[in-house]
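*Asks:* Starting off with a structure, shown below.
The values are calculated or read from the model by the stated rules, or taken from the named source; none is laboratory data. Predicted, not measured: the structure shown is a model, and the values here were computed from it. Positions of Cβ are backbone-derived with ideal geometry, glycine not excepted, and every protein chain shown enters the neighbour counts.
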Amino acid sequence: MRTFADPFATFALNLRSMRIINAKDAKGSAKGRKGSWMAKTLSNTKRPKIGFHAPIKGGLHESLIVAKDTGCDAVQIFSRNPRGWLAKPLTKAAIDLFRKTRKQTKLSAVLIHTNYLINLAAADETILLKSIASFREEVERAILLGVDYLVLHPGSARGSSESDAIRICALSLKLACKGLRFGKLRILLENTAGQGQCIGNRFEHLGAIMAACPKLPLGVCVDTAHSFTAGYDIREADGLEATLEIIRRAVGLRNVRAVHFNDSRAPYNSRVDRHWHIGEGHIGREALRRFAQHPKLRHAAFILETPYDDPRADLKNLEALRSFVDAKP
């Protein structure tokens, strides 16, 4: 694996041929987001929107129908094979059907999760270039489909320092998004467990990336299992409040637009990413109920990413989440 002696200089030099950057893009900025969408006050809702990560085997539009039929008002999908670099292009018919079904189902939040291979913080140049191209494609697909959010893991610092990885991730985002018109789409940076030298296990990492990309429509997706195994103890009320205060200071609670709602099969502060069924892991049912009912998160979409080991368990997890948000705190 070859690493960058000077991430910014080498990075800009190798990417000019991709025609998605110019000299200004390699300079990065940490200025505030004056007048951006994040400065707007989010309206309060009675309870969070809820949903789950739905399969797309029957077609992208079928995932919306499944979500609606199970009583959800939100859903998350992959728009393509999540484990390969190449994606089958979206046809006009598929796009039109997806948009038509979205209107019919009236789902209030639709998310796409990017594929698993993307690493916008990669120290390896080949992987980095492929990741930037793949992420740009993911953004273009999300725009075509008219979804609300595109969820992204910041990437791994393997082969470089944490600070360099954060800077490279921010620059990669700007390069990949050069010239795109987002419309209503927002890119959500997801916090990580820290497994495999992944950045994003501290909310300050996400804040630094956001500050370096003031012109991009960025927000945050908080994963409960990742937070817990990264060292945020949300099992008790005071720990949850302390975690939310850290999030508020690092990225702003109003920018948390989605929550990946999972229990954890891995223990606290283990930096291991293992989602588990609601109430059956190390976080516990009571702690997750408290999280789901917190008034500072009521504007977010709560999405289950629990294991697909039993269809009955999926419904059980959904009913648990629904009981949390429908009940009075």
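*Asks:* Out of the residues in the range 281-315 meeting the condition of being farther than 25 Å from Ile112 by Cβ and at pLDDT below 95, tell me which one is surrounded by the most Cβ atoms within 10 Å (Cβ to Cβ).
*Replies:* The qualifying residue surrounded by the most Cβ atoms within 10 Å (Cβ to Cβ) is Asp310.
*Asks:* Among the numbered criteria (1) without any contact (Cβ under 8 Å) to a residue 40 or more places away in the chain; (2) of a type in the set (D, E, K, R); (3) buried (at least 19 other Cβ atoms within 10 Å of the Cβ), which single criterion is violated by Asp273?
*Replies:* Condition (1) is where Asp273 drops out.
Matching residues to (1) out of contact with any Phe, Trp or Tyr (no Cβ under 9 Å at 6 or more places or on another chain); (2) aromatic (Phe, Trp, Tyr):
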{"residue": "Arg274", "(1), (2)": "yes, no"}
{"residue": "Leu288", "(1), (2)": "no, no"}
{"residue": "Phe291", "(1), (2)": "no, yes"}
{"residue": "Pro295", "(1), (2)": "yes, no"}
{"residue": "Thr306", "(1), (2)": "no, no"}
{"residue": "Asn317", "(1), (2)": "no, no"}
{"residue": "Ala320", "(1), (2)": "yes, no"}
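*Asks:* Considering only residues that are part of a helix (DSSP H, G or I) and touching a His at 6+ places or on another chain (Cβ under 8 Å), which ones fall in the range 238-272?
*Replies:* Answer for the range 238-272, where residues must be part of a helix (DSSP H, G or I) and touching a His at 6+ places or on another chain (Cβ under 8 Å): Leu240, Leu244, Arg254.
*Asks:* If you take the residues in the range 225-235 that are touching a helix residue (DSSP H, G or I) at 6+ places or on another chain (Cβ under 7 Å) and not hydrophobic (A, V, I, L, M, F, W, C), which one is surrounded by the fewest Cβ atoms within 10 Å (Cβ to Cβ)?
*Replies:* Asp233
*Asks:* Mind checking which residues of the range 273-329 are in a helix (DSSP H, G or I) and aliphatic (A, V, I, L, M)?
*Replies:* Ala287, Leu288, Ala292, Leu297, Ala313, Leu315, Leu318, Ala320, Leu321, Val325
*Asks:* Grab the helices (runs of 4 or more DSSP H) fully contained in the range 102-221, keeping just those with 1 or more residues being over 27 Å from Arg271 (Cα atoms) and touching a residue at least 40 places away in the same chain (Cβ under 8 Å).
*Replies:* The helices (runs of 4 or more DSSP H) meeting that bar are 125-145, 162-176.
*Asks:* Further question on the same structure: If Arg285 passes every condition in (1) of a type in the set (D, E, K, R); (2) closer than 21 Å to Lys49 by Cα; (3) in contact (Cβ under 8 Å) with a residue 60 or more places away in the chain but one, which one does it miss?
*Replies:* Arg285 satisfies every listed condition except (3).
*Asks:* Being more than 24 Å from His282 (Cα to Cα) and either crowded, with 24+ Cβ neighbours inside 10 Å or at pLDDT below 95 (or both) is the filter here; which residues of the range 196-209 pass it?
*Replies:* His205, Leu206, Ile209
*Asks:* Name, by its number, the condition in (1) surrounded by 23 or more Cβ atoms within 10 Å (Cβ to Cβ); (2) closer than 21 Å to Phe52 by Cβ; (3) within 16 Å of the chain's Cα centre (by Cα) that does not hold for Pro154.
*Replies:* (2)
*Asks:* Scan the range 76-92 and give yes if some residue there is farther than 30 Å from Ala320 by Cβ, in contact with a helix residue (DSSP H, G or I) (Cβ under 8 Å, 6 or more places away or on another chain), among the small types (Gly, Ala, Ser) and surrounded by 19 or more Cβ atoms within 10 Å (Cβ to Cβ), otherwise no.
*Replies:* Checking the range 76-92: not a single residue is farther than 30 Å from Ala320 by Cβ, in contact with a helix residue (DSSP H, G or I) (Cβ under 8 Å, 6 or more places away or on another chain), among the small types (Gly, Ala, Ser) and surrounded by 19 or more Cβ atoms within 10 Å (Cβ to Cβ).
*Asks:* What is the number of the single condition among (1) over 26 Å from Ser172 (Cα atoms); (2) among the basic types (Lys, Arg); (3) in a helix (DSSP H, G or I) that Arg235 does not meet?
*Replies:* (3)
*Asks:* A follow-up question, please. Could you tell me which of the residues Arg167, Arg80 is within 17 Å of the chain's Cα centre (by Cα) and of a type in the set (D, E, K, R)?
*Replies:* When all the criteria are applied, what remains is Arg80.
*Asks:* If you take the residues of the range 237-270 that are charged (D, E, K, R) and over 16 Å from Gly281 (Cβ atoms), which of them is surrounded by the most Cβ atoms within 10 Å (Cβ to Cβ)?
*Replies:* Arg257
*Asks:* Does Ile278 satisfy the condition of being surrounded by fewer than 23 Cβ atoms within 10 Å (Cβ to Cβ) and at pLDDT 95 or above?
*Replies:* No, not satisfied.
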